[in-house]
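Before any comments, here is the structure.
The values are calculated or read from the model by the stated rules, or taken from the named source; none is laboratory data. As the structure is a computational prediction, the values presented were derived from the model and not from experiment. With ideal geometry, Cβ positions are generated from the backbone for all residues, glycine too; neighbour counts draw on all protein chains shown. The accessibility values were calculated without ligands, DNA or RNA, using every heavy atom of the protein model including side chains. Shrake-Rupley method; radii C 1.70, N 1.55, O 1.52, S 1.80 Å.
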Amino acid sequence: MEPIKRIQVLQPPENGLATAYNDVWFNIYPGPLGLMCSGGTDSSLMLYLTLLHSDDPIHVFTLANNPLELKNITAVTAVLNKCVKLTNKHNVIHHVVHMEGNKPNGATVLGDMIKQVGVDINVAQIGVTANPPKDILEKMNNDYSPRDKSRDFPDPNLELIDATAQGYPWLYTPWRIHNKQTIAKIYKKLNVLEELFPLTFSCEYYPSNYERPDPGMEHCGECWWCEERQWGFGRLK
């Protein structure tokens, strides 16, 4: 599938070669589009860029995280409202899907939500990023709310996946080979670091298995996801 727009969101360094890792492009495909938005930094940036450049219907899907006290729903609502305000675009519909137990991982989660809601989607998008480099990972806390190890060695060939034969839409993962430091650079380049980033939420503090008091919509600063956020952006809020 060919994109209808291809936007260069980061250019390679002045002194150096352009590579897949430092020359970052973002594709806009023909809609209707589906986006999985958790309220985190990666999916929120994906939502902003898609809304900014697409006039087709954009369906935003959020899986309610009940063990997380539905904090992701609070974050996504704030992020979505801000993206609409920043872009002055209103071609967006938000779907919140509830389920029992802990949230599952994997790309089929979005496809299953699309099927459950019953809307036609041409291309589905997930904002998954690569994990930090190995030397950084070795210093991070992987005991509480551990990282997704499948992100350690991302395959650049899987940016766009045709899943239509399995009954799912095409799947686009624009940030698959890029880590949080690259995402932070894009926020700065787009001038949304101070307006959009503080509304995003990365913490995976689960009250049921954490001894310290619930930080609410603040970040605990101790789980793996908070550490990754701190490493990427140099700040939590």
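Which of the three applies to region 157-237, rounded, prolate or oblate, going by the alpha-carbon gyration tensor with a ≥ b ≥ c and a/c under 1.5 meaning rounded?
Judged from the Cα gyration tensor, region 157-237 comes out oblate (a/c at least 1.5, b/c at or above a/b).
With the crude spin-label approximation of a point 7 Å out along Cα→Cβ, what separation in nm comes out for LYS85 versus ILE4?
2.8
Obtain the nm distance between the two label points defined at GLN181 and ASP152 by a simple spin-label model: each point lies 7 Å from its Cα along the Cα-to-C-beta direction.
1.9
Return the equivalent ellipsoid semi-axes of the chain as a descending list in whole Å, where each equals the square root of 5 times an eigenvalue of the C-alpha gyration tensor.
Working: eigenvalues 127, 102, 64 Å².
The answer is 25, 23, 18 Å, longest axis first.
For labels at ILE161 and VAL96 in the simple 7 Å Cα→Cβ model, what's the distance in nm?
2.8
With a 1.4 Å probe and all protein chains in place, put ASP112, ASP56 in order of accessible area, largest first. Walk me through the numbers before you get to the answer.
Values: ASP112 75, ASP56 50 Å².
So the residues, ranked largest to smallest area, are ASP112, ASP56.
Accessible surface of SER38 in the full protein assembly, 1.4 angstrom probe, to the nearest 10 Å²?
Only protein atoms counted, so the area is about 60 Å².
For TRP170, TRP175, give the ranking by accessible area with the largest first, probe 1.4 Å.
Details: TRP170 55, TRP175 0 Å².
Descending accessible area places them as TRP170, TRP175.
With each run of n ≥ 4 DSSP H residues scored as -39500 (n - 2.57), what mean residue ellipticity at 222 nm is computed for the chain after dividing by its residue count and rounding to the nearest 500 deg cm²/dmol? Walk me through the numbers before you get to the answer.
Values: 6 runs with 64 residues, N = 237.
After summing the helix terms and dividing by residue count, I get -8000 deg cm²/dmol.
Round to the nearest 10 and report in Å² the accessible area of THR108, as given by a 1.4 Å probe over the protein chains' heavy atoms.
Spelled out: THR108, probe radius 1.4 Å, area about 80 Å².
Roughly how much of GLU227 is accessible, in Å² to the nearest 10, using a 1.4 Å probe?
50
Would you kindly derive the ³J(HN,Hα) couplings of region 43-49 from the backbone phi angles with the Karplus curve 6.51 cos²θ - 1.76 cosθ + 1.60 (θ = phi - 60°), listing them in order in whole Hz, with x for Gly and Pro?
3J(HN,Hα) across region 43-49, in whole Hz: 6, 5, 5, 4, 4, 4, 5.
Report the FRET efficiency, 1/(1 + (r/R0)^6), for LYS189 and ARG212, where r is their Cβ-Cβ distance and R0 is 41 Å, rounded to 0.05.
Values: r = 36 Å, r/R0 = 0.87.
For LYS189 and ARG212, the calculated efficiency is 0.70.
Where nothing but the Cβ of Lys and Arg (+1) and of Asp and Glu (-1) is charged, how large is the charge dipole of the chain around its Cα centre, in debye to the nearest 20? Present the calculation step by step, with values, prior to reporting the outcome.
Numbers: 22 positive and 27 negative charges, 101 e Å.
Roughly 480 debye, rounded to the nearest 20.
With all protein chains present, how much of the accessible area of the chain (probe radius 1.4 Å) comes from carbon and sulfur, to the nearest whole percent? Intermediate values should be presented prior to the final figure.
Values: 5740 of 11410 Å².
That fraction is 50 percent.
Rank ASN191, ASN179, ASN65 by mean-square fluctuation in a GNM of the chain with C-alpha springs under 10 angstrom and give only the top-ranked residue.
Per the Cα network of the chain with a 10 Å cutoff, ASN191 tops the list.
Leaving out ligands and nucleic acids, and using a 1.4 Å probe, what accessible area per residue does region 100-237 come to in Å²?
Details: 7100 Å² over 138 residues.
Using a 1.4 Å probe on heavy atoms only, each residue of region 100-237 averages 51 Å².
Defining a contact as two alpha carbons under 8 Å apart and six or more residues distant in sequence, what relative contact order in percent does the chain show?
Numbers: 411 pairs, mean separation 50.2, N = 237.
So the answer I get is 21 percent.
So which of LYS85/LYS188; LYS82/LYS139; LYS139/LYS185; LYS5/LYS149; LYS115/LYS189; LYS82/LYS149 end up more than 26 Å apart, counting from Cα to Cα? Walk me through the intermediate numbers first.
Details: LYS85/LYS188 18 Å; LYS82/LYS139 34 Å; LYS139/LYS185 23 Å; LYS5/LYS149 32 Å; LYS115/LYS189 36 Å; LYS82/LYS149 31 Å.
In this structure, LYS82/LYS139; LYS5/LYS149; LYS115/LYS189; LYS82/LYS149 exceed 26 Å between Cα atoms.
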